[in-house]
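The block underneath contains the structure these notes are about, expressed in structure tokens.
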Amino acid sequence: MAIARPESAGGVLAGVRVLDYGRYVAGPYCATLLGYLGAEVIRVEKRDGSEDRYIAPLNAAGEGAVLLQTGCNKKSLTLEPTTPEGRAVTARLVRSADVVVANLPAATLQAMGLDHETATALNPRIILATQTAFGERGPYAARGGFDGIGQALSGAMYMTGTPGAPAKAAAPYVDFSTAVLSAFGVLAALIQRGQTGRGQRVEATLLGTALAVFNSHLVEQSVLAVNRVGTGNRVQTSAPSDVFATRDGHVLLHVVGNGLFRRWARLVGDEERWTRDPLYQSDQSRADHADAILARAREWCAARTTAEVVAECERAGLPAGAVQTLQQALDDPQVAAMGFLRQVDYPGLPRPAAVADLPVRLSAGGGGITRRPPTLGEHTDEVLGSIGYSTAEIADLRARRIV
């Protein structure tokens, strides 16, 4: 496989066993992050594979981009978990494990023997990390949900779009942020377990994450009842902060704070006008009276190429970024210099995939991608053997279509 560094058994979480019963993103990526930190992660999937294995297909088997993003450093065990035999396998796995990650409804967890009460009875040290749309309390508790539901209910879609045209962010930030917060909670629970000897449940919700990420807007509304409406890419609390057309594309400028505004005024000319006018003495005032500022920024950007805008802003000490296509993002020299996108091969791919590594770097080393995602059921025999099943028992489970 095309991975630069050799596989290592080390890492912050070396010796920690994680069972990943998740699906889609919020659960699986939580387990991925723990795996990047050195935990042994066992991905438990249905015999025909979990749904997320086949999103955005890349090979003839239909396995897709979400698998590549969330599957590295994991082992794959196939299992029909709601059968009596499957529950017995799960029970042995829980006894052997430190963490269970499962973004599944409460009823499904009970059917699998993974509800907190059952799991704790099997293993008092187990940490159960769950991710649901709304949690287990309140009028929406029985509802399912995806990333976009969190964006919609939190007010983010309303503000991202324009009046009459709400817009969802293409990046599923609610899903991935929920996964990150879940991993954060698991790390805290592991620390506390080291002090008390007992595990606990770590609960995360999509709506809770969405409200947390969008909270400053909700804080303002709760205090001042401003009743803002969406303005697309234009920021409503500073100016000029928007996406502007250039001669050959688009660029995002974000000017916030009096210091940056003075630099912008100097860059575009007529500094006296912009910095002395009483209307432009604070971020909010500039945002509230942004028409002239935005018009000048549009004019200035339209006369230049994207590269020229970015270069001149860089020299002036102003944040600016080209609006790039997906391919341009892959080819960006800064992306290459960071070494963040790793080239990971997988059976059946026409070329290696650019997979995001652990999003933080540890100065002491360790962590990150060490092996490709597993093929479906690739480690079934190995995992079952590790919890005491004999070769004959494994063959019997396979013959009866349990694994």
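The values are calculated or read from the model by the stated rules, or taken from the named source; none is laboratory data. These numbers come from a predicted model, not from an experiment. All Cβ positions, even for glycine, are placed from backbone atoms using ideal geometry, and neighbour counts span all protein chains on display.
Restricting THR375, THR306 to those that are surrounded by 19 or more Cβ atoms within 10 Å (Cβ to Cβ), of a type outside the set (A, V, I, L, M, F, W, C) and touching a residue at least 12 places away in the same chain (Cβ under 8 Å) reduces the list to THR306. Applying the condition of being in a helix (DSSP H, G or I) and not acidic (Asp, Glu) to segment 271-284 and asking which residue is surrounded by the fewest Cβ atoms within 10 Å (Cβ to Cβ) yields PRO278. Taking segment 234-267 as the range and being out of contact with any helix residue (DSSP H, G or I) (no Cβ under 9 Å at 6 or more places or on another chain) and under 26 Å from SER177 (Cβ atoms) as the test, the residues that pass are VAL243, LEU252.
Taking segment 165-262 and the strands (runs of 3 or more DSSP E) fully enclosed by it, the elements with 1 or more residues that are free of Cβ contacts under 8 Å to residues at least 60 places away in the same chain and more than 30 Å from THR120 (Cβ to Cβ) are at 241-245. Highlighted here are the helices (runs of 4 or more DSSP H) found entirely within segment 1-99 that include at least 1 residues which are at pLDDT 95 or above, more than 18 Å from the chain's Cα centre (by Cα) and buried (at least 16 other Cβ atoms within 10 Å of the Cβ): 84-96. Can you tell me how many residues within segment 114-153 are in a loop (DSSP other than H, G, I, E, B) and either over 20 Å from GLY86 (Cα atoms) or under 21 Å from the mean Cα position of the chain (by Cα) (or both)? Looking only at that region, the number is 16.
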